[in-house]
Amino acid sequence: MAEKILAPLAGKVFKVYISVGSKVEEDDEAIIIEAMKMETPVFAPCSGTVKEVKVKEGDTIEEDDVLAVIE
Amino acid sequence: MKPYFEKMTDFGRELKEGQIKRAQENVELVKKTENEIAAAVEKAKNAGFPTEKINARGQMTVWQRLEYLVDPGTWCPLHTLFNPMDNEIGTTNVFDGLAKISGKWAVVIGFDNKYIAGAWIPGQAENVLRATDLAKRLNVPLVWLVNCSGVKLDEQEKFYANRRGSGTTFFRHAELELSGIPVLAGIYGTNPAGGGYQGISPTILFAHKDCNIAVGGGGILSGMSPKGHFDKEGAEQLIEAAKKFKVEPPGSVKIHYDETGFFRYVFDEEKGVLDGLKEYMKDMPSYNPKFFRVAEPKEPKFSSDDIYRLIPMNQKQVYSFDDVLARLVDGSEQMEFRPDYGPEVYTGLCKVDGYLVGCIGNRQGFLAKGYPEYADYSGFGGKLYRQGLVKMNEFVTLCGRDRVPIIWFQDTSGIDVGDIAEKAELLGLGQSLIYSIQQTDVPMMLFVLRKGTAAAHYIMGGPTANRHNAFTLGTAATEIYVMHGETAAVATYSRRLVKEKETGKPLDPVIESMNKLAKQYHDNSRPIYCARYGLVDEVVPMNEMRKYMAAFAGAAYQNPRSICPQHQMLLPRSIKG
């Protein structure tokens, strides 16, 4: 079953720690969003393999955008 | 109350592998800063004559005396780098801290006899007042190692007089005694004038055989007939008088033990004086710890070394405050107060060394969607909003009612601003928190984990709450300022930028001034600066934070002025619901 990593807030993608095919554990730091002068980490919602990464560093994102998919 | 306190709720998470790896650079940055601070501390401790020179005179140094006096492993130094008047020597010529002597907590303070025989110098009076205030706040004995040659005469105008000048100490000693707090003094060396009052103002005096205390010393007596000028004849008279008083200074043991009896005890050896203090400390008023402990002391489940990875030096990075706290409190257990309300702050009961303490800290990072509920913008931890302020007010008030000491952890960028925030009453709620703190009358301590900023630094138990804040500690990541330097530069120069632009003048000089101001803010907010000017009372390594918490809790519960029976506490019931 696939789970999406959603952007909790609007901002800029500052760091992407995951890549397609990489394994992640639940609560691993996957992506960091920069907004309001702060770097906000986004965590993997489940353990699994990264199926898709939809953003790259520097991208502007909106709240609830899909950032990546984990299977 | 076993069901409440013996086993509380577990919290905190193990560090993940990726987190450990990614934080390695942070560990190195923190340790680099801690090493710089340690080097500054070492320099302060070595101020004045070398130890060998003092020992060759048959004296111990202040550090050797302290080491012999306090129970091993209990010394929690404070104000080591405090030097608010920029003395060249780098200290205020006294050293103090919280320590156990013969198993009892005390505030311990000693003159540095390595530098001009422990004289009063600028900034020292403020340091001493911090020590006397600490003894008062914690209701624990004050133990002095007096060795004070009096005023450094060429700088007397900076500290002799004034409301908080050197003489204030003697009134504070009387105030402590009137509150039932004993002041013990081991007395060494020559203590004339101010030094004499340093010697006489404590409660019980333990004298070394070669010490003296006097209203005026040999130096004054030698020159007390001024002619309006100095000449050769006068100089010869002075030489004779000075020789006499060097051999036999006023106020020696012969006078103040044999004649006046001011000295309760006299000891032939330096260590004998310290043994006398130790013996007396055994009898100081204190409860057995079991009287107040709510559970057996336990170490946290997680290592305090993890804190080096958890608190980022990069102020933009967020972290889990709960994970930090879980590395500091007994068993990594807690009872959180109102977990579903005011998510930007943690409030809860924890145990330190088996004693109950209230903990309050700023959480970091993006808060839940729709929060703060009164605004159309997102909330971030570190900032304070309506619910957080209400929650802290309630928690502090209940801690006061239940007589629970409070440990604050600040990493705050301030209180939410703007008309929406004003409408949400944040200005009033901030001041309400100040009122809540003031009416508790329980001891508090504070860690400024990273940022201490704006009014939030005041209202979250900051040192300005000086009747309640026993002491404030910094870390390698601490920075304290009214606002971030770049924000200050914008506030100061934005109108000028507009004006220069409109009149066609070059912007570069203004930009240069902005960068200069931002750098000034940066430099004047670092941990060593904060310690030097008293914005914090000490900067402590991250893995020694718990040691200070245990000292604070142990001292606060040693002999409290008021008690709430555990079974009559309201806060744990309020949490349980």
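The values are calculated or read from the model by the stated rules, or taken from the named source; none is laboratory data. No experiment lies behind these values; they were computed from the predicted model shown. Virtual Cβ from ideal backbone geometry, glycine too; neighbours counted across all protein chains shown.
Considering (1) over 20 Å from B:Ser378 (Cβ atoms); (2) surrounded by 13 or more Cβ atoms within 10 Å (Cβ to Cβ), the lone condition that A:Ser19 does not fulfil carries the number (2). Among the criteria (1) over 11 Å from the mean Cα position of the chain (by Cα); (2) surrounded by 14 or more Cβ atoms within 10 Å (Cβ to Cβ), the one A:Lys4 does not fulfil is (1).
Scanning the stretch A:6-15 for residues that are aliphatic (A, V, I, L, M) and either within 14 Å of another protein chain (Cβ to nearest Cβ) or in contact with a helix residue (DSSP H, G or I) (Cβ under 6 Å, 6 or more places away or on another chain) (or both) gives A:Leu6, A:Ala7, A:Leu9, A:Ala10. Within the stretch B:314-369, the residues that satisfy the criterion of being of a type in the set (Val, Ile, Thr) and either away from every other protein chain (no Cβ under 14 Å) or surrounded by 24 or more Cβ atoms within 10 Å (Cβ to Cβ) (or both) are B:Val324, B:Val329, B:Val345, B:Thr347, B:Val352, B:Val357, B:Ile360. Checking each residue in the stretch A:30-41 for being in contact with a strand residue (DSSP E or B) (Cβ under 7 Å, 6 or more places away or on another chain) and either small (Gly, Ala, Ser) or within 12 Å of chain B (Cβ to nearest Cβ) (or both) picks out A:Ala30, A:Ile32, A:Ile33, A:Glu34, A:Ala35, A:Met36, A:Met38, A:Glu39, A:Thr40, A:Pro41.
Scoring B:Asp86 on the criteria (1) buried (at least 20 other Cβ atoms within 10 Å of the Cβ); (2) more than 14 Å from every other protein chain (Cβ to nearest Cβ); (3) not in a strand (DSSP E or B) leaves a single failure, condition (1).
Exactly one residue out of B:Leu129, B:Leu134, B:Leu145 is assigned to a helix (DSSP H, G or I), in the same structural domain as B:Lys100 (by TED's automatic domain parsing) and in contact with a strand residue (DSSP E or B) (Cβ under 7 Å, 6 or more places away or on another chain): that is B:Leu134. Here B:Glu336 fulfils each of the conditions (1) touching a Gly at 6+ places or on another chain (Cβ under 7 Å); (2) in contact (Cβ under 8 Å) with a residue 40 or more places away in the chain; (3) more than 24 Å from B:Ala553 (Cα to Cα) apart from (3). Scanning the stretch B:502-550 for residues that are part of a helix (DSSP H, G or I) and aliphatic (A, V, I, L, M) yields B:Val510, B:Ile511, B:Met514, B:Leu517, B:Ala518, B:Ile528, B:Ala531, B:Met542, B:Met545, B:Met549, B:Ala550. Within the stretch B:443-455, being touching a helix residue (DSSP H, G or I) at 6+ places or on another chain (Cβ under 8 Å) and in contact (Cβ under 8 Å) with a residue 60 or more places away in the chain holds for B:Pro443, B:Met445, B:Phe447, B:Val448, B:Leu449.
Scanning the stretch B:168-200 for residues that are on the phi < 0 side of the Ramachandran plot and of a type in the set (Gly, Ala, Ser) turns up B:Ala174, B:Ser179, B:Ala185, B:Gly186, B:Gly194, B:Gly195, B:Gly196, B:Gly199.
Within the stretch B:94-128, the set of residues being over 21 Å from B:Lys278 (Cβ atoms), without any contact (Cβ under 8 Å) to a residue 40 or more places away in the chain and buried (at least 24 other Cβ atoms within 10 Å of the Cβ) comprises just one member, B:Ile121. Selection within the stretch B:351-392: residues that are modelled with pLDDT of 95 or more and of a type in the set (D, E, K, R). The member of this set that is nearest to B:Gln317 (Cα to Cα) is B:Arg363. Selection of the stretch B:387-417 for residues being surrounded by fewer than 21 Cβ atoms within 10 Å (Cβ to Cβ), touching a Gly at 6+ places or on another chain (Cβ under 9 Å) and farther than 30 Å from B:Phe292 by Cβ yields only B:Gly414.
Count of the stretch B:370-390 residues, restricted to those that are of a type in the set (A, V, I, L, M, F, W, C), in a strand (DSSP E or B) and within 14 Å of chain A (Cβ to nearest Cβ), is 1. Of the residues making up the stretch B:33-86, those that are over 18 Å from the mean Cα position of the chain (by Cα), under 24 Å from B:Thr472 (Cα atoms) and not aliphatic (A, V, I, L, M) number 11. Residues being in contact with a Ser or Thr (Cβ under 6 Å, 6 or more places away or on another chain), crowded, with 18+ Cβ neighbours inside 10 Å and either more than 16 Å from B:Asp112 (Cβ to Cβ) or of a type outside the set (S, T, N, Q) (or both) are entirely absent from the stretch B:72-80. What do you reckon, is B:Asp305 surrounded by fewer than 19 Cβ atoms within 10 Å (Cβ to Cβ), under 26 Å from the mean Cα position of the chain (by Cα), assigned by TED's automatic domain parsing to the domain that holds B:Trp408 and touching a residue at least 12 places away in the same chain (Cβ under 8 Å)? In short, yes. Listed by position, the helices (runs of 4 or more DSSP H) enclosed by the stretch B:1-75 that each have at least 2 residues that are away from chain A (no Cβ under 14 Å) are B:2-5, B:24-45, B:51-56, B:62-69. Within the stretch A:42-62, none of the residues are hydroxyl-bearing (Ser, Thr, Tyr) and either facing chain B (nearest Cβ under 8 Å) or in contact with a helix residue (DSSP H, G or I) (Cβ under 8 Å, 6 or more places away or on another chain) (or both).
The set of residues in the stretch B:391-412 being touching a His at 6+ places or on another chain (Cβ under 9 Å) and within 14 Å of chain A (Cβ to nearest Cβ) consists of B:Thr412 alone. For the structure I just gave you, tell me whether B:Thr347 is within 17 Å of B:Phe409 (Cβ to Cβ) and either of a type in the set (D, E, K, R) or out of contact with any Leu (no Cβ under 6 Å at 6 or more places or on another chain) (or both). Taking the combined requirement at face value, the residue satisfies it.
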